[in-house]
Ligand SMILES: [Zn+2]
């Protein structure tokens, strides 16, 4: 076996090659994740049909054949308007998989069967629940307004711009903000139902998003993004994403863009959020 000497110790070339490959993969985590997700999708949807449009490959089972053109139409619309809102170029091609029911969508992620989601963004691809499962009279207009495609496409844009370097609260906040602006959809405030809850800190939202009370964590994510837009302008939101893309952590990206310390940002933000939360409890 070939070897080179390092500190007097012979190290086989094979080991060095493996080390270099591992380092490259760690540096290109997003590319590796997307590669793995593409392979997983190829295997798990081998029996799905495919309809291709200019920018999308829609995969579906025969039972959902009628919905594929509807999903494709909304996806092309969403790609155009969501990327315009971000002011960034959209990815050339994206795969969307239509799952016939909640159980198969959840299973595609290894979630438990009770998990309810209408759409999921993961590793460059979008998965949606069949419109036939939740729309009484499925139409492109209804699927566009009430469906998950705008929201999930916004997650894709955040992932693209930041190179995968983002906090859950930020991507959930941006996705809801974009969706609300383009389709008008917004969850009702959870304040009344959750009046026993207190708000979560940025650190909790950052580290434990999935173990928090979901409706409160999502509500707060949108409100933080709206707070940034209202107080500093929408362009700062896109700039924060650019800074994340340059390798800043979320606190550094906020500090650099808003010219304020992260602690002060959080204090002022929470003073505003508390007011809104209390107002919501009284409705
Ligand atoms: Zn989301």
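The values are calculated or read from the model by the stated rules, or taken from the named source; none is laboratory data. On a predicted model such as this, the values are computed, not experimentally measured, just so you know. Quick reminder, even Gly has a Cβ in these numbers, built from the backbone with ideal geometry, and neighbours come from all protein chains shown.
Does residue 170 satisfy the condition of being within 16 Å of the ligand (Cβ to nearest atom) and out of contact with any strand residue (DSSP E or B) (no Cβ under 9 Å at 6 or more places or on another chain)?
Values: within 16 Å of the ligand (Cβ to nearest atom): yes; out of contact with any strand residue (DSSP E or B) (no Cβ under 9 Å at 6 or more places or on another chain): yes.
The answer is yes for residue 170.
So, residue 205, is that one surrounded by 15 or more Cβ atoms within 10 Å (Cβ to Cβ) and either modelled with pLDDT of 95 or more or outside any loop (DSSP other than H, G, I, E, B) (or both) or not? Even if it seems obvious, please write down each step before you answer.
Details: surrounded by 15 or more Cβ atoms within 10 Å (Cβ to Cβ): yes; either modelled with pLDDT of 95 or more or outside any loop (DSSP other than H, G, I, E, B) (or both): yes.
In short, yes.
Filter the range 234-247 down to the residues that are surrounded by 15 or more Cβ atoms within 10 Å (Cβ to Cβ) and without any contact (Cβ under 8 Å) to a residue 24 or more places away in the chain and list them by number.
234, 236, 239, 243
Considering every residue within the range 175-184, establish whether at least one is at positive phi, surrounded by fewer than 18 Cβ atoms within 10 Å (Cβ to Cβ) and free of Cβ contacts under 8 Å to residues at least 40 places away in the same chain.
Yes, there is a match, as at least one residue in the range 175-184 is at positive phi, surrounded by fewer than 18 Cβ atoms within 10 Å (Cβ to Cβ) and free of Cβ contacts under 8 Å to residues at least 40 places away in the same chain.
Just give me the residues in the range 185-205 being more than 16 Å from the ligand (Cβ to nearest atom) and without any contact (Cβ under 8 Å) to a residue 60 or more places away in the chain, in sequence order. Let's see the steps before the verdict.
Kept after step one, since they are more than 16 Å from the ligand (Cβ to nearest atom), are these residues of the range 185-205: 188-189, 191-204.
Residues satisfying the conditions are 188, 193, 194, 196, 197, 198, 200, 203, 204.
Hey, among 214, 274, 268, which residue is within 14 Å of the ligand (Cβ to nearest atom) and over 24 Å from residue 85 (Cα atoms)? Spell out how you get there, then give the answer.
Working: 274 fails: within 14 Å of the ligand (Cβ to nearest atom); 268 fails: within 14 Å of the ligand (Cβ to nearest atom).
Only one candidate passes the filter, namely 214.
Of all the helices (runs of 4 or more DSSP H) wholly in the range 51-150, which have at least 2 residues that are modelled with pLDDT of 95 or more and under 18 Å from the mean Cα position of the chain (by Cα)?
Details: elements: 68-86, 102-107, 131-134, 140-146.
Helices (runs of 4 or more DSSP H) meeting the threshold: 68-86.
Taking the conditions exactly as written (surrounded by 20 or more Cβ atoms within 10 Å (Cβ to Cβ), within 15 Å of the ligand (Cβ to nearest atom), over 16 Å from the mean Cα position of the chain (by Cα) and within 28 Å of residue 52 (Cα to Cα)), does residue 156 satisfy them or not? Quick ask: steps written out before the conclusion?
Numbers: surrounded by 20 or more Cβ atoms within 10 Å (Cβ to Cβ): yes; within 15 Å of the ligand (Cβ to nearest atom): yes; over 16 Å from the mean Cα position of the chain (by Cα): no; within 28 Å of residue 52 (Cα to Cα): yes.
No.
Given the conditions (1) within 16 Å of the ligand (Cβ to nearest atom); (2) exposed (fewer than 15 other Cβ atoms within 10 Å of the Cβ); (3) within 24 Å of residue 32 (Cβ to Cβ), report the number of the one that residue 122 does not fulfil.
(2)
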